[in-house]
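A.B. asks: Take a look at the following structure, please.
The values are calculated or read from the model by the stated rules, or taken from the named source; none is laboratory data. Keep in mind it's a predicted model, so treat the numbers as computed, not measured. Glycine gets a Cβ as well: all are built from the backbone with ideal geometry, and neighbour counts include every protein chain shown. Areas reflect the complete protein model, heavy atoms only, side chains present, ligands, DNA and RNA absent. Shrake-Rupley method; radii C 1.70, N 1.55, O 1.52, S 1.80 Å.
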Amino acid sequence: MIFEQILFFVAAAGAIGGAVGVVVLRNPFFSVLALVGHLLALAVLFLLLRAEFVAAAQVVVYAGAVMVLYVFVVAYIGGIEEPIGPSAGPLRVLGPLFAGVLLVEIAIATIGSGLRAVSSTGPAVADDFGSPEAIGALLLQKFLIAFEAASFLLLIAAVAAVVLAQRRRGLEEAGGETPLQIGRRPPTGPQAEDPAAAGSGGPAGRAIDERTPTVAQGS
Amino acid sequence: MGIAWFVVLSAFIFCIGAAGVLTRRNPLVILLCLELMLNAGNLALLSFARAYGNGDGQVFALIVMVVAACEVVIGLGLIVAMYRNKLAIDADEMSGLRG
């Protein structure tokens, strides 16, 4: 019991320290690293709450995959040292004030709540509470619709990421097509205005769609 | 360990994340602070699941993680698109949607 309390306070200190580090540190790279520490401390807290599968998913998916994505993007963009502090606008003052007011409000709501279960240590649960078997049975039986909706959401996000990443290349291809269109337009322009020039300048190398207007004009 | 400790801790983390979203200007750090807020919500969900001895809250937390992963993918894609179009990586400069 005393070991559990020590573990809780160490993990809570780590979680709050990591969260403050994310907000306060100037370099985004260090913010990402602070968030990794925060997520690992949160995984310890999840284990204390008997959520073993969620804790494992937190470490593998969040601290592993998602944070690697963040590190890649930070390395791609480059760590921009951002000035922090009351630089401009009333939001710099109002932001922390709003957060403090929110904290007071949530504290009142939690401490003043009449939920008897919150002030206890929770009921005794079975040994397989939070195990992969229990979560899997819940996901595939009781929450099948939510499970399928989540997979569909992931598919949509993956497609959207591909589209977002390819947008620039699409623009470049459009920019590469524009000179071709400009180079092809002037022969058709004089042809449409001057049939004599079109008749004299109608070599075999012309495209079909350019020859068609002259035929139409000749008839 | 009382459940109330976990709930109060999640309230602290949520407010730290909210302060970060409101004060930081780098969109990347704003996304990180959004992660903080989502994780605080996850912690509250898991603590309530423990308080009632019910596994439903844990499934809810997993779904929240899926939504957070989708949000990260889209947000980082937008940031990379901003960088490639040579726009300022600054939430105060990016005040218009038309582009």
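A.B. asks: If a residue has to be more than 7 Å from every other protein chain (Cβ to nearest Cβ) and either at pLDDT 75 or above or closer than 25 Å to B:CYS15 by Cβ (or both) to count, how many in the range A:109-128 make the cut?
C.D. replies: Total meeting the criteria: 10.
A.B. asks: Just for the range A:1-17: of the residues that are facing chain B (nearest Cβ under 7 Å) and open to solvent by less than 30 Å² (accessible area, probe 1.4 Å), which one is farthest from the chain's Cα centre (by Cα)?
C.D. replies: A:PHE8
A.B. asks: To continue, here is another question. Look through the range B:65-99, keep the residues that are within 16 Å of A:LEU139 (Cβ to Cβ) and open to solvent by 30 Å² or more (accessible area, probe 1.4 Å), and return whichever of them is nearest to the other protein chains (Cβ to nearest Cβ).
C.D. replies: Only one residue fits best here, namely B:VAL66.
A.B. asks: Where the second residue is in a helix (DSSP H, G or I) and open to solvent by 60 Å² or more (accessible area, probe 1.4 Å) and the first is without any contact (Cβ under 8 Å) to a residue 12 or more places away in the chain and lies in the range A:6-26, which pairs have Cβ atoms under 8 Å and are six or more apart or on separate chains?
C.D. replies: Filtered contacts from the range A:6-26: A:ILE16/B:PHE12.
A.B. asks: Which residues, taken from the range A:157-167, are at the interface with chain B (Cβ under 8 Å from one of its Cβ atoms) and open to solvent by less than 90 Å² (accessible area, probe 1.4 Å)?
C.D. replies: A:ALA157, A:ALA158, A:ALA160, A:ALA161, A:LEU164, A:ALA165
A.B. asks: In the range B:40-99, which residues are in contact (Cβ under 8 Å) with a residue 24 or more places away in the chain and charged (D, E, K, R)?
C.D. replies: B:ARG50, B:GLU71, B:ASP90, B:ASP92
A.B. asks: If we keep just the residues of the range B:49-58 that are open to solvent by 20 Å² or more (accessible area, probe 1.4 Å) and facing chain A (nearest Cβ under 8 Å), which is nearest to B:LEU76 (Cα to Cα)? Give the derivation first.
C.D. replies: First, the residues of the range B:49-58 that are open to solvent by 20 Å² or more (accessible area, probe 1.4 Å): B:50, B:52-54, B:56.
Within this subset, residues satisfying the condition of being facing chain A (nearest Cβ under 8 Å) are B:50, B:52-53, B:56.
Numbers: B:ARG50: 34, B:TYR52: 37, B:GLY53: 37, B:ASP56: 30 Å.
Filtering first and then ranking leaves B:ASP56.
A.B. asks: Under the condition of being open to solvent by less than 30 Å² (accessible area, probe 1.4 Å) and at pLDDT 90 or above, which residue from the range A:52-65 is farthest from the other protein chains (Cβ to nearest Cβ)?
C.D. replies: Residue satisfying both the conditions and the ranking: A:ALA55.
A.B. asks: Also, I was wondering about something else. Does the range B:29-72 hold any residues that are under 27 Å from A:THR121 (Cα atoms), under 14 Å from the mean Cα position of the chain (by Cα) and of a type in the set (Gly, Ala, Ser), and which are they?
C.D. replies: Within the range B:29-72, B:ALA40, B:GLY41, B:ALA44, B:ALA61 qualify.
A.B. asks: Here is a follow-up. From A:LEU45, A:LEU35, A:LEU40, which residue is open to solvent by less than 50 Å² (accessible area, probe 1.4 Å) and under 21 Å from the mean Cα position of the chain (by Cα)?
C.D. replies: Residue meeting the stated conditions: A:LEU35.
A.B. asks: Sticking with this one: Do the conditions hold for B:ILE30, that is, is it part of a helix (DSSP H, G or I) and in contact with a Lys or Arg (Cβ under 6 Å, 6 or more places away or on another chain)?
C.D. replies: yes
A.B. asks: Kindly provide the set of residues from the range B:25-46 that are out of contact with any Ser or Thr (no Cβ under 7 Å at 6 or more places or on another chain) and within 7 Å of chain A (Cβ to nearest Cβ), ordered by number.
C.D. replies: Within the range B:25-46, B:ARG25, B:ASN26, B:LEU28, B:CYS33, B:GLU35, B:LEU36, B:ASN39, B:LEU46 meet the criteria.
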